[in-house]
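Down below is the structure, laid out as structure tokens.
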Amino acid sequence: MAQHESDSLITTEVSAAETARSEIPDETVLRAEELDVYYGEEQALDDVTIEIPDRKVTAIIGPSGCGKSTFLRCINRMNDQIPSCRVDGSLAFQGKDVYDEDVDPVALRRKIGMVFQKPNPFPKSIRDNVAYGLTVQGKTENVDERVEESLRAAALWDEVNDQLDSSGLDLSGGQQQRLCIARAIAPDPEVILMDEPTSALDPVAASKIEDLIADLAEEYTVVIVTHNMQQAARISDKTAVFLTGGNLVEYDDTATIFEDPEHDRVEDYITGKFG
């Protein structure tokens, strides 16, 4: 894929320093501080503070209802679509709080793409699915080249290059999910959020997505919610453990979380004593 294009949240200017972010080890791209999220009177996240590094895979694990997906959706303001949702605290992308009044959520989502649990290709051709974000943004130059680059990056090009005019809905479930990943990366974001992207797939298709995530992390920051602890252990560099009440109980290198966690509650969850 090409180097990330200048597409700031507020302006169209990006400093030259940002183009060299990969040269700085573990630079923080996303930082939440004392983040609370409410749905009406119900608190979904409680005092979450976390720093997510650039071009690494960060896994978010925990039992059902602990706030994993809520946190993920906070990052690119997908929760704006829920009228009862209220966010307190701060959540910064590249040092800018994404909930500041001058941040355009649409521009934010161009920089922070999203892949959902169930593959959701549009009822369009494979080519038009991938090109959708480019079309919306008015990017009309080199579209076919960007489509090919994105499909290659999503490990799908060799399987579909002779059927780009066919409907994306005709693909298998695993192919559809890789198509959605290609669609997410075509506008050249910097962060890719994935909400249980393999839970609806068979083991073979899931394995291909896992291999793809490792490749994507060479160029993108990947944050993945997964209910599968073995998957988190296989593919992530960092792991955040959310437990009941929307609490982030522990966050560390994945090896530390799974081999020597600091908190007994985390060890009990990892070893299957609850959850």
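Figures for the structure shown
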read-out: Qualifying positions in region 29-51 - at positive phi and either crowded, with 17+ Cβ neighbours inside 10 Å or not in a strand (DSSP E or B) (or both); value: 40
read-out: Lone qualifier among 213, 181, 185 - being touching a Phe, Trp or Tyr at 6+ places or on another chain (Cβ under 9 Å) and β-branched (Val, Ile, Thr); value: 185
read-out: Residue within region 80-90 that is in a loop (DSSP other than H, G, I, E, B) and closer than 19 Å to residue 183 by Cα present; value: no
read-out: Candidate set from region 78-127 (those that are free of Cβ contacts under 8 Å to residues at least 24 places away in the same chain and closer than 29 Å to residue 167 by Cα); member that is surrounded by the most Cβ atoms within 10 Å (Cβ to Cβ); value: 106
read-out: For residue 194: the one exception among (1) under 14 Å from the mean Cα position of the chain (by Cα); (2) more than 17 Å from residue 68 (Cα to Cα); (3) not small (Gly, Ala, Ser); value: (2)
read-out: Close pairs from region 56-75: first over 13 Å from residue 196 (Cβ atoms) and in contact (Cβ under 8 Å) with a residue 12 or more places away in the chain, partner assigned to a helix (DSSP H, G or I) and not acidic (Asp, Glu), Cβ under 8 Å, at least 6 apart; value: 57/213; 57/214; 57/235; 63/269; 70/79
read-out: Members of region 245-264 found to be of a type in the set (Ser, Thr, Tyr) and crowded, with 17+ Cβ neighbours inside 10 Å, listed by number; value: 251, 254
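Rule-based calculations on the coordinates, nothing more; no lab input. Computed from a predicted model, the values in this text were never measured in an experiment. Heads up, the Cβs are rebuilt from the backbone with ideal geometry, glycines too, and the neighbour counts pull from every protein chain shown.
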